[in-house]
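I have placed the structure first, in the form of C-alpha cells, so that the comments after it can refer back to it.
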Amino acid sequence: MDQTRPGQNSIGWIGTGIMGAPMCGHLIHSGYRVFVFNRTKEKAGELLGEGAGWCNSPAEVVAKADVIFTIVGYPDDVREVYFGHGGLLLEPPPGRIFVDMTTTEPTLAREIYEKALGSGCFSLDAPVSGGDVGAVKGELSIMVGGDEEVFDSVKLLLGLFGKNIVYQGKAGSGQHAKMCNQITVAGVMIGICENLMYCQRAGLDPHTMLRSVGSGAASSWLLNNLGPRIMDGDYDPGFFVEHFIKDMKIALDESRRMGIDLPGLALVKSLYERARALGHGKLGTQALLLALEDLCGNENRK
C-alpha cells in the first residue's frame, strides 16, 4: 500500500473542534486538498478560508477523499458519523482509508474496522494525547490500532500531527493504549491539584515551588503545562472536563469487562463529576481544582 502524498491524495476531515481544527490546518498548510464536514459549519470557517472544501455530510466527504480523518466528541458521535444517515460507511467507494482519532470505545473501533473491511475499505483507530498545545504545534502522541500495512501508508499524514507515533497492534489497540494514557492523566491531575492546594496553605509561592518540583521526580508534562495555568486562574480548555469524564467511564467499563478494579480512577472520576455538577464541564481538565476547593469549602483560599 503506497504512502499518501500532497498532490496525489485528497483528504477528508470531520470534526473541527479544539483539537481537530489545528490538526486539519496542518494538512492544508502541507499542500493537501482537504474536504471538511462539521455539524456546525461556522466552526470550520477558518479552515474554509484557508482553502478547505465544504461538504454537507460525511457521505459527501467519503465520495471526494481518499483518506478520511474523524475526531469528534463521544462514542455516539462516532457511531453517527460512521453508521448514521449519510454516514461514512453506508456506501463508501472501495479502497478508502478511515482514521478515527476520537478517544472512544475499543469495541467500537473494532466494529468500524470490520464494517470497513466488508466494504473493501480500511480503518485505523488513532487517538491522540497532548491537548490543544500539542495539536497546534503538531507534537501530539498518537496511538494506532489496525493493520500495520495501512498504518505505514498514512504515516506521513500522521507525522503532520504528532512527533510520537506508535503502532500498538490490531484494531482497538490504539484505544486501549489511550485508556492507559487517561488512567495515568487522572492520577497525575489529582496530584497536581492537591499539590497546589497544599502549597498555598503552607504559604509557599507556587511558581517558586514549581521550579523545584517541576524538575525533580514529580516532573511531568501535565505539571509543567497545566500547573502554571492553574496558578494564573486559567481554566480555558485544552481538553474538556466533560470529555475526560467520558474517557474515564470507558476505561472503567473496559477494566470491569477484563475483570480488574481501578479504585483510584473511580475516585478521580467522581471528583470530575463534581466539577461538572458545579457547571465546569466545558472548562479544561485543570478545573479539577475547583471541585476540590468546593469539597473543602474553599478553605484552602484562606
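Kindly provide the set of residues from the range 126-140 that are over 10 Å from the mean Cα position of the chain (by Cα) and at pLDDT below 95, ordered by number.
V133, G134 - these are the residues of the range 126-140 that are over 10 Å from the mean Cα position of the chain (by Cα) and at pLDDT below 95.
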Sole exception among (1) without any contact (Cβ under 8 Å) to a residue 24 or more places away in the chain; (2) exposed (fewer than 15 other Cβ atoms within 10 Å of the Cβ) for E111, by number: (2)
Qualifying positions in the range 185-225 - under 27 Å from I245 (Cβ atoms), hydroxyl-bearing (S, T, Y) and in a helix (DSSP H, G or I): Y198
Residue that is surrounded by fewer than 22 Cβ atoms within 10 Å (Cβ to Cβ), in contact with a Phe, Trp or Tyr (Cβ under 9 Å, 6 or more places away or on another chain) and of a type in the set (K, R), where the choices are K43, K64: K64
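Has the range 237-245 got at least one residue that is charged (D, E, K, R) and surrounded by fewer than 17 Cβ atoms within 10 Å (Cβ to Cβ)?
no
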Out of M143, M101, sole residue that is within 17 Å of D66 (Cα to Cα) and at pLDDT 95 or above: M101
Which numbered condition S219 misses (of (1) exposed (fewer than 14 other Cβ atoms within 10 Å of the Cβ); (2) farther than 20 Å from S141 by Cα; (3) of a type in the set (S, T, N, Q)): (2)
Matching residues in the range 275-288 - criterion: being within 20 Å of L222 (Cβ to Cβ) and assigned to a helix (DSSP H, G or I): A275, R276, H280, T285, Q286, A287, L288
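Listed here are the residues, each with its yes/no results for (1) more than 19 Å from M19 (Cβ to Cβ); (2) outside the structural domain of Y198 (by TED's automatic domain parsing); (3) in contact (Cβ under 8 Å) with a residue 24 or more places away in the chain.
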position: I245; (1), (2), (3): no, no, yes
position: P263; (1), (2), (3): yes, no, no
position: L278; (1), (2), (3): yes, no, no
position: L292; (1), (2), (3): yes, no, yes
Some residue of the range 127-139 being surrounded by fewer than 17 Cβ atoms within 10 Å (Cβ to Cβ) and either on the phi > 0 side of the Ramachandran plot or in contact with a Leu (Cβ under 8 Å, 6 or more places away or on another chain) (or both): no
Among (1) within 21 Å of the chain's Cα centre (by Cα); (2) of a type in the set (S, T, Y); (3) not assigned by TED's automatic domain parsing to the domain that holds A135, the one test that Y198 misses: (1)
Flag for I18 being in contact (Cβ under 8 Å) with a residue 40 or more places away in the chain and within 21 Å of G134 (Cβ to Cβ): yes
Residue list for the range 272-289, restricted to those being of a type outside the set (S, T, Y) and touching a strand residue (DSSP E or B) at 6+ places or on another chain (Cβ under 8 Å): G281, K282, L283, G284
Only listed residue being surrounded by 21 or more Cβ atoms within 10 Å (Cβ to Cβ) and either in the same structural domain as A217 (by TED's automatic domain parsing) or of a type outside the set (D, E) (or both), chosen from V166, V154: V154
Tally of residues being within 19 Å of the chain's Cα centre (by Cα), hydrophobic (A, V, I, L, M, F, W, C) and under 17 Å from A251 (Cα atoms) across the range 269-286: 0
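The values are calculated or read from the model by the stated rules, or taken from the named source; none is laboratory data. Being a predicted model, the structure only gives us computed values, none of them experimental. Every residue, glycine as well, gets a Cβ built from its backbone with ideal geometry; the counts of neighbours run over all protein chains shown.
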